[in-house]
Amino acid sequence: MNHIACPQVQENLILFIDHELPSPTDYQVFEIHFQDCQPCTQIMEVERAAISMMQELLRRSCIESAPEELYERIQDQINVLSAQTQVEFFSQTTVTEITFGEGDSFQITHEVTQEYTQEFRDDT
């Protein structure tokens, strides 16, 4: 298992707390470091508490709703984008059956399926 130095742990502490380290192995390396290093463990706990406190403050203070005009503008933009991008689908199946002769029948059955998709964009 790889060992990691205190400066490297402290430099990447927020990534550890936010679960954004590149790989599961990195989390194991950090956990082992915290088991062996009390100063880094204390710094991590303080950082974790500070982040938690800030998140709670934001949750309590950001309780106002967005203005109705904002919802309307967003819906208008969605409608405009929707109108600019249109996708058409076309599917057709043709079956041809030919019978020749009287009494003796000769049949040719031919089935053709065509599918067509076209996308129109207005990138102006």
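Values in this text are rule-based calculations from the coordinates and carry no lab data. What you see is a predicted model; the values in this text were computed from it and never measured. Cβ: placed from backbone, ideal geometry, glycine included. Neighbour counts: every protein chain shown.
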Ranking PRO39, SER61, HIS19 by how far each Cα lies towards the positive end of the charge dipole of the range 6-61 (+1 on Lys and Arg Cβ, -1 on Asp and Glu Cβ), the top one is SER61
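Does the range 14-57 come out rounded, prolate or oblate, given a ≥ b ≥ c as the square roots of the eigenvalues of its C-alpha gyration tensor, rounded meaning a/c under 1.5 and, failing that, prolate meaning a/b above b/c?
Values: a/c = 4.05, a/b = 1.37, b/c = 2.96.
Oblate.
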Can you grab the distance from the C-alpha centre of the range 53-74 to the C-alpha centre of the range 1-50, Å, no decimals? 32
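To the nearest 0.05, how large is the calculated FRET efficiency for ILE4 and GLU47 if R₀ is 22 Å and r is the Cβ-Cβ distance? Spell out each step's value before the answer.
Details: r = 16 Å, r/R0 = 0.75.
Efficiency computed from Cβ-Cβ geometry: 0.85.
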